[in-house]
């Protein structure tokens with residue numbers, strides 16, 4: 001009995017040591033992430049603030065820094081919104097098929113293919129978008145101009161190359177689908193089985209079970225998935241720079257050759273040749289993108305946290 005007691009006590013002591021080690025490692029990792037984030041912000045602030053106060057002559061027709069960055073910010077948000085409008089319904093549908101509808105022999109290959117898309121470099125998506133997707137969409141844009149030109153989004157004149165903000169948004173949508181799908185699939189699959197069976201036992205259909213049991217349980221997870229996809233869309237560089245024929249304007253016309261650029265694409269295209277104060281101006285636009293991304297994610301997490309507390 002004494003030997004058994006000593007062994008049990010030793011095992012408990014080892015477990016407690018492991019818990020402390022893991023807790024400290026997790027805390028260290030969290031602090032390191034926050035420190036890296038703060039370091040990025042400090043760098044952007046130090047290097048970018050000089051670009052905020054340059055005279056009007058430096059920015060030409062834009063007048064000042066805010067006139068220079070406003071069209072870029074508009075294009076960034078517009079491309080991200082187009083990407084989410086296309087990607088979110090498809091991602092949720094694929095996640096539901098994989099987690100609740102398709103048999104295992106079909107769901108597993110679909111999940112693998114979707115996950116593999118996340119490993120494709122963005123430059124490959126950009127090449128595909130500019131050489132394959134854009135030429136095939138040019139005819140669609142002409143049709144939209146002829147039959148739906150009364151809508152401001154399709155007012156035309158239609159681009160003959162297909163390199164428009166809508167094409168860039170579609171490429172971004174394909175790029176963010178794996179992220180949103182993977183997270184949504186895992187969250188849907190973690191719904192307690194008893195909740196689903198209880199809904200079905202009460203006479204709910206498969207869709208009613210999903211709507212009443214799965215979606216409420218997974219709401220926080222799917223919002224987080226959408227926010228991660230939004231972050232990818234806001235910060236994407238090469239694919240947008242390769243696909244978009246940017247003119248640096250503010251326009252809601254999605255099929256024209258005159259398109260707004262994005263902050264990330266503008267930095268990628270302008271930084272190699274920039275010198276002196278131009279570098280500070282580009283870094284300042286990166287600071288604006290950093291702040292916008294942080295505010296969007298913080299707002300989303302606040303909404304999710306407030307709803308979770310209310311449900312609890």
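The values are calculated or read from the model by the stated rules, or taken from the named source; none is laboratory data. Quick caveat: nothing in here was measured; it's all calculated off a predicted structure. Here the Cβ positions follow ideal geometry from the backbone for every residue, glycine too, while neighbour counts run over all protein chains shown.
With the structure loaded, tell me whether residue 303 is assigned to a helix (DSSP H, G or I), more than 20 Å from the chain's Cα centre (by Cα) and either more than 29 Å from residue 159 (Cα to Cα) or outside the structural domain of residue 183 (by TED's automatic domain parsing) (or both) or whether it fails that test. Spelling it out, it is not the case that residue 303 is assigned to a helix (DSSP H, G or I), more than 20 Å from the chain's Cα centre (by Cα) and either more than 29 Å from residue 159 (Cα to Cα) or outside the structural domain of residue 183 (by TED's automatic domain parsing) (or both).
Residues in region 252-288 that are out of contact with any helix residue (DSSP H, G or I) (no Cβ under 8 Å at 6 or more places or on another chain) and either surrounded by 20 or more Cβ atoms within 10 Å (Cβ to Cβ) or free of Cβ contacts under 8 Å to residues at least 12 places away in the same chain (or both): 256, 258, 272, 273, 275, 276.
The set of residues in region 150-201 being buried (at least 18 other Cβ atoms within 10 Å of the Cβ) and part of a loop (DSSP other than H, G, I, E, B) consists of 155, 158, 159, 162, 163, 164, 191. One residue alone among 253, 259, 297, 280 is within 19 Å of the chain's Cα centre (by Cα) and either within 15 Å of residue 169 (Cβ to Cβ) or not assigned by TED's automatic domain parsing to the domain that holds residue 41 (or both), and that residue is 297.
Residue-level check: of (1) out of contact with any helix residue (DSSP H, G or I) (no Cβ under 8 Å at 6 or more places or on another chain); (2) assigned to a helix (DSSP H, G or I); (3) at pLDDT below 85, residue 119 misses just (2).
The requirement of being assigned by TED's automatic domain parsing to the domain that holds residue 243, within 27 Å of residue 228 (Cα to Cα) and modelled with pLDDT of 90 or more is not satisfied by residue 183.
Any residue at all in region 84-104 that is over 28 Å from residue 188 (Cα atoms) and at pLDDT 85 or above? Checked against the condition, which is being over 28 Å from residue 188 (Cα atoms) and at pLDDT 85 or above, region 84-104 yields no hits at all. When 301, 211, 232, 206 are checked against the criterion of being over 18 Å from residue 69 (Cα atoms), touching a helix residue (DSSP H, G or I) at 6+ places or on another chain (Cβ under 8 Å) and loosely packed, with under 14 Cβ neighbours inside 10 Å, 206 stands alone in meeting it.
Listed conditions (1) at pLDDT below 85; (2) in a helix (DSSP H, G or I); (3) crowded, with 23+ Cβ neighbours inside 10 Å are all met by residue 224, apart from (3).
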